[in-house]
Amino acid sequence: MSRTVLVVGAGIAGLSTARALGRHGLECRVVERRRHRSPAGLGLNLPGNAVAALATLGAADDVRAAGVPVTRREYRTAGGRLMFALDEALFWSGTAGSICARHQVVLDALTAGVSVDHAVAVASLEQQADGSVEVRFADGSEDRVDFVVAADGVHSTVRSALAPAAPRPSLMTAASWRFITADPGVDCWTAWTSRGRTFLLIPVAPGEVYAYASSSQGGDTAADPTWLADAYADFPEPVTRAIAQALAAPAPPYHAPVEEVRIPTWHHGRVTLVGDAAHATGPVWAQGAAMAMEDAIVLADVLAGTEDWSTVGPVWEQVRRPRVEHVQAATDQMSRLAGLPPWLSHPLAPVMGPRAYRAAYRPLRTPPPSATPTP
Ligand SMILES: Cc1cc2nc3c(=O)[nH]c(=O)nc-3n(C[C@H](O)[C@H](O)[C@H](O)COP(=O)(O)OP(=O)(O)OC[C@H]3O[C@@H](n4cnc5c(N)ncnc54)[C@H](O)[C@@H]3O)c2cc1C
């Protein structure tokens, strides 16, 4: 019997779902409200479990070829003093290792072989008594499907239709700036923090770095780009040079809110929320892409292994929730630590920082339950 799956959204979660279903010979229709694939010019830090998920989805080689391995992290004060460093290559040894790559590289790698219906937006949906789901699109057309995977991001239309829950600002920061620029002189993942501000540079491609700047005490990050120059004026040269380059570039740096979704259930009948739609989390541990891909892999495993799709949502959520909640808890913990005043946080950092890193990532070195590759 052929059953129909609708995937809403062609971001990392939606594309991963289509690929993961394909590993089991299951087809789906992917709809994306954007008319074209928009060039995603920002970077993604992909810790080892994200790269492992990419490998499971058959998409790691392209990302590895275009990105840069993350082998060392340095945490510095705004004056440039090294508080502590972490051997990321050693920590993730025995796994796929960590990479930083352009977001677009990841989307391209996941898109290969996946067909996406662009300019198709889901407007609403309704569960039917026979178990199917009736979906209404923004152009007024309708469809009836056997299962819906809502991968439609932090402002999910599907989530709003089923159980409205507004995203909230992340504990760490309400907004952030991001851009890619010529390498101003860093050779590894480097973060500078002070007085409620964080600036991060990560090599993302040969000769280029990905920059992330935000408040770190729950404060706002002003939407005027001159904020960048003012807020980091007394930070070391790689930071000020990166900002000067970004402000002089034809394309302005990218400002966006940093929002979180914490909701009590990720499934409603035969509709399941995945990725940011279910559990967008501040990028403290860079787990957004990893959790989205793992969600997809596990969901496809469950769909492929179950005749009665009305049971898929609860089974899938039971497997996924502990791992995602671990990331959420680690995110909150680090956000609180970063929110301490420098006179307290900087002396604590050499001990607390490596400890928090290991506590956050150690459980993630193990593959998620039921995500074993299809032979
Ligand atoms: C400041 C910041 C920095 C980050 N840094 C990192 C990082 O370094 N590493 C990392 O792993 N993660 C990072 N993340 C998180 C990461 O980008 C996301 O978790 C990840 O991209 C998963 O996204 P998604 O596919 O769930 O949602 P999205 O990427 O938002 O995709 C949702 C898609 O659904 C489409 N859509 C929406 N509504 C509809 C509709 N009604 N009908 C049809 N289509 C629809 C949208 O157009 C979009 O294409 C960061 C996030 C932020 C905010």
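The values are calculated or read from the model by the stated rules, or taken from the named source; none is laboratory data. Since we're looking at a predicted model, the values are computed, not measured. Note that we place each Cβ from the backbone using ideal geometry, even for glycine, and neighbour counts take in every protein chain shown.
Some observations on this one:
- The criterion of being near the ligand (Cβ under 9 Å from one of its atoms), buried (at least 24 other Cβ atoms within 10 Å of the Cβ), part of a loop (DSSP other than H, G, I, E, B) and in contact (Cβ under 8 Å) with a residue 12 or more places away in the chain holds for Ala10.
- Criterion violated by Arg34 - all others in (1) charged (D, E, K, R); (2) part of a helix (DSSP H, G or I); (3) over 21 Å from Val298 (Cβ atoms); (4) within 13 Å of the ligand (Cβ to nearest atom) satisfied: (2)
- Wholly within region 206-301, helices (runs of 4 or more DSSP H) carrying at least 1 residues that are within 13 Å of the ligand (Cβ to nearest atom), under 19 Å from the mean Cα position of the chain (by Cα) and within 27 Å of Thr181 (Cα to Cα): 276-279
- Selected residue (criterion: nearest to the ligand (Cβ to nearest atom)) from residues of region 125-141 that are within 17 Å of Val7 (Cβ to Cβ) and part of a strand (DSSP E or B): Phe137
- Thr157 being in contact with a strand residue (DSSP E or B) (Cβ under 9 Å, 6 or more places away or on another chain), within 30 Å of Val284 (Cβ to Cβ) and surrounded by 22 or more Cβ atoms within 10 Å (Cβ to Cβ): no
Residues are listed down the side, and each one gets a yes or a no for (1) loosely packed, with under 15 Cβ neighbours inside 10 Å; (2) part of a strand (DSSP E or B):
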| site | (1), (2) |
| --- | --- |
| Leu110 | no, no |
| Ala123 | no, yes |
| Pro164 | yes, no |
| Thr173 | no, no |
| Pro184 | no, no |
| Asp187 | yes, no |
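- Residue in region 36-44 that is surrounded by 24 or more Cβ atoms within 10 Å (Cβ to Cβ) and either over 30 Å from Gly305 (Cα atoms) or touching a residue at least 60 places away in the same chain (Cβ under 8 Å) (or both) present: yes
- If you go through region 1-26 and pick out every residue that is within 15 Å of Asp301 (Cβ to Cβ) and of a type outside the set (Lys, Arg), you end up with 10.
- Yes/no for Ala191 being touching a Leu at 6+ places or on another chain (Cβ under 8 Å) and surrounded by fewer than 20 Cβ atoms within 10 Å (Cβ to Cβ): yes
- Single match in Ser176, Ser216 (criterion: at pLDDT 90 or above and within 24 Å of Arg262 (Cα to Cα)): Ser176
- Within region 137-150, at least one residue is touching a strand residue (DSSP E or B) at 6+ places or on another chain (Cβ under 6 Å), exposed (fewer than 14 other Cβ atoms within 10 Å of the Cβ) and either over 30 Å from His268 (Cβ atoms) or hydrophobic (A, V, I, L, M, F, W, C) (or both).
- Options Arg358, Arg320, Arg365, Arg336: the member that is basic (Lys, Arg), more than 15 Å from the ligand (Cβ to nearest atom) and either surrounded by 19 or more Cβ atoms within 10 Å (Cβ to Cβ) or under 18 Å from Ser214 (Cβ atoms) (or both): Arg336
Here is a yes/no grid of residues against (1) of a type in the set (S, T, N, Q); (2) in contact (Cβ under 8 Å) with a residue 60 or more places away in the chain; (3) surrounded by 15 or more Cβ atoms within 10 Å (Cβ to Cβ); (4) more than 21 Å from Gly339 (Cβ to Cβ):
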| residue | (1), (2), (3), (4) |
| --- | --- |
| Ser214 | yes, no, yes, no |
| Pro225 | no, no, yes, yes |
| Pro236 | no, yes, yes, yes |
| Pro250 | no, no, no, yes |
